[in-house]
Structures are given as C-alpha cells and as structure tokens.
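What follows is a single structure, and I will ask about it in a moment.
The values are calculated or read from the model by the stated rules, or taken from the named source; none is laboratory data. Keep in mind it's a predicted model, so treat the numbers as computed, not measured. Don't worry about glycine lacking a Cβ; one is built from the backbone with ideal geometry, like all the others, and counts go over all protein chains shown.
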Amino acid sequence: MAKFTDYHLRDELYQALDDIHFETPTPVQARLIPVILQGRSVVGQSQTGSGKTHAFLLPIFQNVDPTQNQVQAVITTPSRELAQQIYQAAKQLASHFPEDAAPRLGLFVGGTDKARQVNQLKSNQPQIVIGTPGRIKDLYQSGDLAIHTAKTLVVDEADMTLDMGFLNDVDAIAGAMPEDLQMLVFSATIPQKLQPFLKKYLDNPVVEEIPVETVISSTIQNVLMDTKGKAKDELIYNLLTMGNPYMALVFTNTKERAHELARQLKERGLKVAEIHGGIQPRERRRTMQQIQRLDYQYVVATDLAARGIDIPGVSLVINDGIPNDLEFFIHRVGRTGRNGASGTAITLYTPDEDEKVSEIEKLGVKFEPMTLSKGELKPAPDRRRRKQRTKSTQKLDPTMIGMVKKKKKNVKPGYKHRIKSEIERDARNKKRIEEREHMRAKRKANKTR
Ligand code: AMP
C-alpha cells in the first residue's frame, strides 16, 4: 500500500497531513501525486470525495519556490464555494511552513471586492492563485495578476466548467501561460465537448480513471417511493424526521422549488439550510461554512449549486424529483454512504416518470420500492407489477454506466489485511461521526443554557 512518505515531501507537509489525520493516500493521490511531482500533465477522472484536492495541492506546495516572488501555480474551479474550499485546504498546508517561507496564496472569485484585490496585487503577487475563471482572467487582462509566470495550471471540475460556460475563460488563462505548462485537469466525466480543449493543451498526459466504486456506494439503502396521491411536502417532512439523520440533503430540480420546499420545512420548525442559485453568493458562502460546522441537520439544494461541494457525513439523501440529467442522479445519491459508511437515498417519483426510473435502472442502479407507514419505511409492491415497462429512446452514456457498476470482487492474497484496514477505516469514520454528534449536542446545550 502506498504511503505519504514514499513521496519525499517537505517536513512541513507531513506535519500538515498529521494535523488533519490523513494517514494513507487515497487511490487518486497514490496514482497521481508521483506523476504530478515529476511535472507531467494529468487528466484525472474523479469525484469530490476522492481526495483529488490534495492530489494536486501537495505536489504544488512541494514544488513552489518561496524565493520567487511570482505566480507559480493557478487553480481554477467553476464555483466560488469550491474555490473557497480549496483555499481553506491550501491555507491549512501553508500554516505549517515557517512564516517567511510559507507560499503566498491568493483567492480570486467573482462577487468580491476587485479594487481591493488590485491594490494588494500592486505590492505583492501571490505564488499560488485559486479562483473562478472569470475573475482570474479579468485580473490577468487588466495587467494586475501576472499569471504568465505559472508553471502549473489546475482545471478543477472541468465538466462543470464547461457546463457553466467558463471554458473560454480557462482557455484565455491557459493561453497566457508558458508552452511547457503542466496542466492538471480533474473532471467527474470527460464529455466529448471537452476533448478539443484537452487536445489543445495536453501533450501525452497521464490519464487516470478513478475506480468507479466511489460513486454509488454498496452500503446504502436505495429507496424508490411513489408519491401519487400523497402530499409531497408533508411526506418529505415525515421522511426527514422519521429517524434522526446525522445530515440530510434534499435535492430539487429548480431553485424555485428548493426555496419553496425550504420555506415549508422551516414553517414546520426544521432548521434548514438552502443552497441554490437564488441565494446570494455571500450568503451561500456563509451557509456552506455553517453546514461544515454542522449547524444544520437539513440542507435543501439544487444540483449545480451543490455539486462538487464536500458535505461530510450525509446519512440521508432525498430526491424531491428525478433530475432531467440522469448523471445528476448518480452525483446526488453518491453523496451518502461515503467511505463505507451506511446511508439511505430516497427517490420520490410519480408513475408518469416511470421511463426515467427505467433509465436509471439500466445504469445498474437497484431500487427498493418502499412506502412510509406509521413513521417507518415498509416494502411496497414493485412498480413493474402495475405497469408495463416502457421502451426508452435515450442513449446511455458508458461513463455513467461505469460510475454505477460495482467493481468485481476478486479475492486476492492480502485480502485479509485489506478487509482489516477497511474495518478500521469504518470504525474511524463512525468515531468521527460520534464526535460530531457529541459536538452538536454540546453546542445545542450551550445555546439553550
Ligand atoms: P476531496 O475529494 O479532495 O474534496 O476530498 C474529500 C474528503 O476526503 C475531504 O474531506 C478530505 O479532507 C478527505 N481526504 C482527502 N485525502 C484524504 C486522505 N488521504 N486521508 C483521509 N481523508 C482524506
């Protein structure tokens, strides 16, 4: 098994890893850290939750030269929240360096005070730039941020960057950088439309497809629930309150619905966080921090706003409706049951959405039909007993099928050791969850005092 010490990193980085209790590299880190350290370009097909942030941050921190007062690495990411998340991880690493040798970080995202940033840049250029493509491009084009000196460009969540129409900005950023640029592209899927960009900038990259088992975990209960004839908001309220979920995430298809549902749930007395495009960025950032601090037990979100954001310990995911883009279904359900923890995903549907359910099943997803009765989930008749399966016309994306398929379990030598470490990892996770529960209870007690 790979060890962080295999990479011969700076002592400061080992102290930082120790501090956050990262004991062994994740598969993405084990595969990519050595090649990134060598200076190679990489396409990492990976998800949030795979540990990709440290797969690129550790080599960047290892290679940054504190004596050079210029931009050495640029990290772009399509959402402000993600940029903030990466910035926090980078700050944690930097905090272990001596003050005069700590890499200088710059966070540049839309919706923040540009004039102040321009002023700061006049006296000092950051060595590591983290931000959203539009703001970084603006600051470069106005001559304030000198990114042409960067040796490494990270394009995080490339597919989402493309979806949100920011790829041109990234193109402008990459175009400003040296010919022999090291480019690290991370993306959950590699859509066809991304290929011209990859071809333009990447010469013989290391392409790593991350094991797909991380996406939909086999440890979750995957429930399908017919809402026909039921009051949906009431049902969602009952599902959220039937147990005491550690963290519940409800996904809606539109920001209007997210807002309306959150309002309904708040009216019934639940403390609900909203993450969707209708919430101002500043407010969204604050809410995200509160979610990370476990101030909320319930979150209502839309896909784009929540995608890529790591919310640890999600124990219940509710799909208010089936998303139009089936890939979102996989991302939503993949939020629970991380790292072998248990979880429940409940997808609400009406019989006229049967075709969409069949499409999801074709990806290899297995649903348990259930109903809520007297505060408990009870098995319900299979919907196929009532309805003939409809034929589909939509073509399935092989990447998505791959995301769902479980890895074949081969029993190889050493499996006992692996099982043992899996059990230990599970126990560690549970302990972390217990500690958080304890913290939450303590905070609650303090508040009511
Ligand atoms: P990421 O995919 O980079 O957003 O990381 C997902 C989660 O895994 C974050 O909460 C990280 O702090 C955590 N993580 C990343 N690498 C490791 C590691 N080697 N050991 C333990 N946890 C990790």
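So that you can scan it fast, the table gives a plain yes or no per residue for (1) at pLDDT 95 or above; (2) at positive phi; (3) outside the structural domain of Thr371 (by TED's automatic domain parsing):
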| site | (1), (2), (3) |
| --- | --- |
| Leu239 | yes, no, no |
| Tyr246 | no, no, no |
| Glu256 | yes, no, no |
| Leu294 | no, yes, no |
| Val300 | yes, no, no |
| Ala306 | no, no, no |
| Ile309 | no, no, no |
| Ile322 | no, no, no |
| Ile330 | no, no, no |
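To continue, here is another question. Can you pull out every residue in region 43-82 that is of a type in the set (A, V, I, L, M) and under 18 Å from Met177 (Cα atoms)?
Hits for region 43-82 are Ile60, Val64, Val71, Ala73, Val74, Ile75.
So Lys395 passes all but one of these: (1) within 16 Å of the ligand (Cβ to nearest atom); (2) within 26 Å of Asn324 (Cβ to Cβ); (3) at pLDDT below 80. Which condition number does it fail?
(1)
Which one is farthest from the ligand (Cβ to nearest atom) among residues in region 311-320 that are modelled with pLDDT of 80 or more and under 29 Å from Val155 (Cβ atoms)?
Per the stated criteria, the residue is Val317.
Continuing with this model, one more query. Has region 59-74 got any residue that is within 16 Å of the ligand (Cβ to nearest atom), part of a loop (DSSP other than H, G, I, E, B), in the same structural domain as Pro205 (by TED's automatic domain parsing) and not charged (D, E, K, R)?
Looking through region 59-74, none of the residues is within 16 Å of the ligand (Cβ to nearest atom), part of a loop (DSSP other than H, G, I, E, B), in the same structural domain as Pro205 (by TED's automatic domain parsing) and not charged (D, E, K, R).
Still on this model: Is it true that Gly337 is away from the ligand (no atom under 16 Å from the Cβ) and either in contact with a Leu (Cβ under 6 Å, 6 or more places away or on another chain) or of a type outside the set (S, T, N, Q) (or both)?
no
Could you say which residue among Gly243, Gly278 is over 19 Å from the mean Cα position of the chain (by Cα), under 21 Å from Val333 (Cβ atoms) and not charged (D, E, K, R)?
Selected residue: Gly243, the only one of Gly243, Gly278 that is over 19 Å from the mean Cα position of the chain (by Cα), under 21 Å from Val333 (Cβ atoms) and not charged (D, E, K, R).
Just the residues that are in a loop (DSSP other than H, G, I, E, B) and either outside the structural domain of Thr189 (by TED's automatic domain parsing) or more than 11 Å from the ligand (Cβ to nearest atom) (or both), please, taken from region 7-57.
Across region 7-57, the qualifying residues are His8, Leu9, Arg10, Gln38, Gly39, Arg40, Ser41.
Next question, about the same structure. For region 133-151, does any single residue satisfy the condition of being touching an Asp or Glu at 6+ places or on another chain (Cβ under 6 Å), at pLDDT 95 or above and surrounded by fewer than 22 Cβ atoms within 10 Å (Cβ to Cβ)?
yes
Could you tell me how many of the residues in region 279-288 are surrounded by 15 or more Cβ atoms within 10 Å (Cβ to Cβ) and not aliphatic (A, V, I, L, M)?
4
Going by what's in this entry, would Arg268 be described as modelled with pLDDT of 90 or more, in the same structural domain as Thr344 (by TED's automatic domain parsing) and more than 28 Å from Glu353 (Cα to Cα)?
So Arg268 passes the test.
Can you pull out every residue in region 76-103 that is more than 12 Å from the ligand (Cβ to nearest atom) and either surrounded by fewer than 16 Cβ atoms within 10 Å (Cβ to Cβ) or part of a strand (DSSP E or B) (or both)?
Those that are more than 12 Å from the ligand (Cβ to nearest atom) and either surrounded by fewer than 16 Cβ atoms within 10 Å (Cβ to Cβ) or part of a strand (DSSP E or B) (or both): Thr76, Lys91, Ser95, Pro98, Glu99, Asp100, Ala101.
Given the residues Ala115, Ala174, which is the only one that is more than 27 Å from Glu208 (Cα to Cα) and assigned to a helix (DSSP H, G or I)?
After ruling out the rest, the residue left standing is Ala115.
Please verify whether Ala258 is small (Gly, Ala, Ser), more than 16 Å from the ligand (Cβ to nearest atom) and buried (at least 23 other Cβ atoms within 10 Å of the Cβ), treating the condition exactly as stated.
yes
So, Lys122, is that one charged (D, E, K, R) and either within 16 Å of the ligand (Cβ to nearest atom) or on the phi > 0 side of the Ramachandran plot (or both) or not?
So Lys122 does not fit the description; no.
Would you mind stating whether Glu361 is without any contact (Cβ under 8 Å) to a residue 40 or more places away in the chain and not aromatic (Phe, Trp, Tyr)?
For Glu361, the condition - without any contact (Cβ under 8 Å) to a residue 40 or more places away in the chain and not aromatic (Phe, Trp, Tyr) - is met.
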